[in-house]
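Note sheet for the following structure.
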Amino acid sequence: MPRKGFDEVVLLTGFPSFRARHVAQAILEGTGPRAFVHAVVHAKLKDDAVAALDALPLDARRRIHLLEGDAAAMDLGLSGAELRELGREIDRIHHCVQVSYLGADRATAEHVNVGAAREVIEVARVCPHLRCLVVHSSASVSGDRSGVVRENELDCGQRFRNPIEETLAQAERIYRRAMARTKDPLPIAVLRPTMVVGDSATGEVDRLDGPYLLILLMLTAPPDLALPVPGRADVPLNVVPIDFVARAAIAIGRDARAPGKTFHLVDPTPLPARRLVELVARAGGRRAPSGFLPANIARAILRAPGIERIAKSPRAFLEAMAVPVAYDHAN
């Protein structure tokens, strides 16, 4: 049974990544069940993890235990004794470890996104009291699809634009097989947030890529210069703040109806690209964009010699601005 004195015991992978830190904070600082967290930390990130721990309130710090390991290694890099002891306590797992940086090579993306999926499933099978394995995936598994993407869909003939999309989709196939087993299916809930941006209250961001590169371009241009924006003006840009993603993840993981389902974490009424950049321009005291640069021209610019090596993130954001897609959020 879960550790005495606590209502739930959570195994968290990916700490101290941006998402895992926010998930840990949402678990420990909320007004819900009193929780204890075992956070798996890679050895090379131990100092960062300790610093993240020090930033938490004292009561929260006392309820998180750092476990040195590797989410993509066999048994998460834990010893057999550690795993057996953990298994008796754990009733929820938040699997946050993920390679999402578009500059990552295919081998790294496969090792972490696919390899860790296999390992966390094996760990889940040794947790007799497991209520839910919450998998943090991404809406980008829809690849280049347009139109309405539904939560119960995965393989629909889409093409993947980079190894991140492809390996996250591969991982989802592994989770779906584990959910659908006739014998001993695992209680898994898959989360697919759209483009994750910074904290809506503090403004904290993970790294300056995706939409932030466009914002920086607008805010560093001369105030009276109205730049054209790449992409399509009418395409909805679906972004969600990290604190919303973390709170939704906790709520879903605690809901008995969640296992077996996939959840799109989205803005139900996303702003079109034109309106979004107009708001950014206004907030920064800049002129509204003069128009939108056709996506094919912008892509050609980003593929120019010397730019191609550093432009993977801007190009991915541009592709998101060029495809009209809407994410069903019925669940």
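The values are calculated or read from the model by the stated rules, or taken from the named source; none is laboratory data. Since the model is a prediction, treat every value here as computed from it, not as a measurement. Every residue, glycine among them, receives a Cβ derived from its backbone with ideal geometry; neighbour counts consider all protein chains shown. SASA here: full protein model, heavy atoms, side chains in, ligands and nucleic acids out. Shrake-Rupley method; radii C 1.70, N 1.55, O 1.52, S 1.80 Å.
Working from Cα positions, state the angle (0 to 90°, nearest 10) between the long axis of helix 18-29 and the longest principal axis of the chain. So the inclination is approximately 50 degrees.
Solvent-accessible area of Cys156, all protein chains in place: 60 Å² (probe radius 1.4 Å, heavy atoms, ligands and nucleic acids excluded).
Placing +1 on the Cβ of every Lys and Arg and -1 on the Cβ of every Asp and Glu, with no other charges, gives the chain a dipole of roughly 460 debye about its Cα centre. Across the accessible surface of the stretch 1-145, with the other protein chains kept in place and a 1.4 Å probe, carbon and sulfur atoms take up 50 percent. Per residue, the stretch 1-43 exposes 38 Å² of accessible surface when a 1.4 Å probe is rolled over the protein heavy atoms with every protein chain present.
Kindly express, to the nearest 10 degrees and within the range 0 to 90, the angle between helix 211-220's C-alpha long axis and the longest C-alpha principal axis of the chain. Helix 211-220 and the main axis of the chain meet at about 40 degrees. Taking Asp54, Asp234, Asp209 as the candidate residues, the one with maximal mean-square fluctuation in a Gaussian network model of the chain, Cα springs under 10 Å, is Asp54. Beta-bridge orientation, the chain: approximately 5 percent antiparallel, per DSSP, counting only bridges with both partners inside.
Each peptide among 178-186, 274-282 gets the average number of other Cβ atoms lying within 10 Å of its residues, and from highest to lowest they stand as 274-282, 178-186.
Counting only alpha carbon atoms, the long axis of helix 80-89 and the longest principal axis of the chain meet at about 90°.
A cut-off under 15 angstrom between Cβ atoms defines the neighbours of Ala201, and their net charge, with Lys, Arg +1 and Asp, Glu -1, is -2. The modelled label-to-label distance between Lys46 and Thr202, using points 7 Å beyond Cα along the C-beta direction, is 2.5 nm.
Here the simple spin-label model places points 7 Å from the Cα toward Cβ, and for Arg145 and Glu82 these points are separated by 3.8 nm. Highest GNM mean-square fluctuation among Ala55, Ala124, Ala104, for the chain modelled with Cα contacts below 10 Å: Ala55.
Full extension of the chain segment joining Thr269 with His329 gains 20.5 nm, where the gain is 0.36 nm per residue of separation less the Cα-Cα distance. Surface analysis of the stretch 104-255 yields an accessible area of 44 Å² per residue, using protein heavy atoms and a 1.4 Å probe.
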